[in-house]
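Remarks on the structure that follows.
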Amino acid sequence: MKRSWIGLGLLLALLGASLLCASVMERMHRPIALELEQAGRYALEGDWTHADAQSRLALDDWDRWARFRGCLADHGPIEEIETGMASLRVYRQVKDSDAFAAGCMELARQVEAMGQAHGLVWWNLF
Amino acid sequence: MILSYLRTLLLYLVLILSIRLMGKRQIGQMEASEFVVTMLVANLAAIPMQDGAIPLYSGLVPILTVLGMELVLSGLILRSVFLRRLLCGKPVILIDKGRILADNLRRTRITLDELMGHLREKDVLDIQTVQYAILETDGNLSVFPYPKYVPAAARDAGIPAQKQYLPISIIQDGRLFRENLAKSGKTEAWVQSVLGQHSAGVADTLLLTVDESGQVLWLGKEPV
């Protein structure tokens, strides 16, 4: 019976850790997606000051969680997003508002998808 | 490359620990569900081993989850007859009092050829000598010949059997097991005296055992 208790403890610990990670991943990525969307909107309006500030905020938030994200998410999508982030820096420098806005929207969707991929929703089970 | 190496090491250790915790040593002793779990766990470990882009937890979490379920279910199976029947099935009699039960053969999807093959594995050539044959839940066939066909034991022949004792390994492959030495009630001085009789040391000894009656077995290593 001792092994059964070990098994039960293991299952509960895994369940707790999984729920926690799912929650953290979603809460970590939603603000980044929102910041990127806002940056895109500012760029389309021609407000480069705010677009620049929002995109830097998003990039800083993205970098802050890099290690935690690296442990949990597939590295392929992470690398795609980071490639997109690098492009954003260039669009920001040359002030190409269309490309910057499109890049921000695309990255926002990708970041949001990364956060939702670990969420406890029924469609993620299939 | 170093990451692949370290991941493989870690997953291998987790696999070994998982199999040990499940408590079976031989595949032949496993129930079907346990065999499936063993195969599953091995495949789960292979995924992050092969692909460095997949996070390690993708292999670790499923392995540990399967291990946890297996440990919980094995405990419940011990306590619940219903679960035992559901997950392990029950033994099925294939030969009863010398009669082949065709219905049970059909039910277990075992052909006569397979039954004969299993009997041959148990050194039975003549099916008429078998009183009972039972298909166990782990897939093994237990065969019980009629008493007249069972090889005679010492008791049947009226021969008083000698007592037998379990030998304890004191030295194996040049290594002294102090715990076993203590269990046997012998001392290191005794070990040295025995080794001295064979002009050997601990490192030269392949096997040294002693049993309750004091019978000693010493085998030396072959010279290289």
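The values are calculated or read from the model by the stated rules, or taken from the named source; none is laboratory data. Given the structure is predicted, the values throughout are model-derived calculations rather than measurements. Positions of Cβ are generated from backbone atoms using ideal geometry, with glycine treated the same way; all protein chains shown enter the neighbour counts. Ligands, DNA and RNA are stripped out before the accessible areas are found, and what is left, the full protein with its side chains, is counted by its heavy atoms. Shrake-Rupley method; radii C 1.70, N 1.55, O 1.52, S 1.80 Å.
Principal axis extents of the C-alpha atoms in segment B:92-149 (largest first, rounded to whole Å): 30, 20, 19.
Rg and Dmax of segment B:2-86, based on Cα coordinates, read 14.3, 49 Å. Once the 1.4 Å probe is applied to the protein heavy atoms, segment B:92-149 comes out at 67 Å² accessible per residue. Across all C-alpha atoms in segment A:30-103, the radius of gyration and Dmax reach 12.3, 38 Å. What residues does segment A:39-80 have that are buried by at least 20 Å² of accessible area in the full protein assembly compared to the chain on its own, 1.4 angstrom probe? SASA drop of 20 Å² or more in segment A:39-80: A:Cys71, A:Leu72, A:Asp74, A:His75.
With a simple spin-label model that places each label point 7 Å from the Cα along the Cα-to-Cβ direction, the separation between B:Leu9 and B:Val81 comes to 5.2 nm. Sort chain B into rounded, prolate or oblate with this rule: let a ≥ b ≥ c be the square roots of the eigenvalues of the Cα gyration tensor; rounded if a/c is under 1.5, and if a/c is not under 1.5, prolate when a/b is larger than b/c, oblate otherwise. Note, shape of chain B comes out oblate. Expressed as a whole percent, the accessible surface of chain B that belongs to carbon and sulfur atoms is 59, based on a 1.4 Å probe. Of the complete DSSP H runs in chain A, those spanning 18 angstrom or more by Cα along the long axis with a mean Kyte-Doolittle score not below 0.0 are A:2-45, A:97-116. The listed residues B:Val36, B:Val224, B:Val210, once ranked by accessible area (1.4 Å probe) with the largest placed first, stand as B:Val224, B:Val36, B:Val210.
Once backbone amide H atoms are built at 1.01 Å from N, B:Gln131 has B:Phe144, B:Tyr146 as its partners under 5 Å, excluding neighbours fewer than 5 places away on the same chain. Projecting label points 7 angstrom from Cα along Cα→Cβ for A:Arg30 and A:Ala17 puts them 2.5 nm apart. Burial of accessible area (probe 1.4 Å, heavy atoms of protein chains only) in segment B:36-77, relative to its chain alone, reaches at least 40 Å² for B:Ala53, B:Pro55, B:Tyr57, B:Leu64, B:Leu71, B:Val72.
In segment A:2-125, the ratio of gyration radius to Kirkwood radius, Rg to Rh, stands at 1.14 when only Cα atoms are counted.
Against the 2.2 N^0.38 Å scaling, with N counting residues, where does segment B:168-220 land? I'd like the Cα-based Rg ratio to two decimal places. The partial results should precede the final answer.
Numbers: Rg = 9.6 Å, N = 53, 2.2 N^0.38 = 9.9 Å.
Rounded to two decimals, the normalised Rg is 0.97.
This model, with +1 at the C-beta of Lys and Arg and -1 at the C-beta of Asp and Glu, gives segment B:168-220 a dipole about its Cα centre of some 80 debye. Note on the protein assembly as shown: Rg/Rh from C-alpha atoms, Kirkwood Rh, equals 1.21. Legend: residues in segment A:7-37 shielded by at least 20 square angstrom of accessible surface upon adding the remaining protein chains to the isolated chain (1.4 Å probe, heavy atoms) are A:Gly7, A:Leu10, A:Leu11, A:Leu14. Interface of B with A. Using a 1.4 Å probe and counting protein heavy atoms only, the two chains hide about 1400 Å² of accessible surface, both sides summed. Binning at 5 angstrom from zero up to the longest distance, how are the C-alpha pair distances of segment A:1-68 distributed in percent? Histogramming segment A:1-68 at 5 Å steps yields 4, 16, 16, 13, 11, 9, 8, 6, 5, 4, 3, 2, 1, 0 percent.
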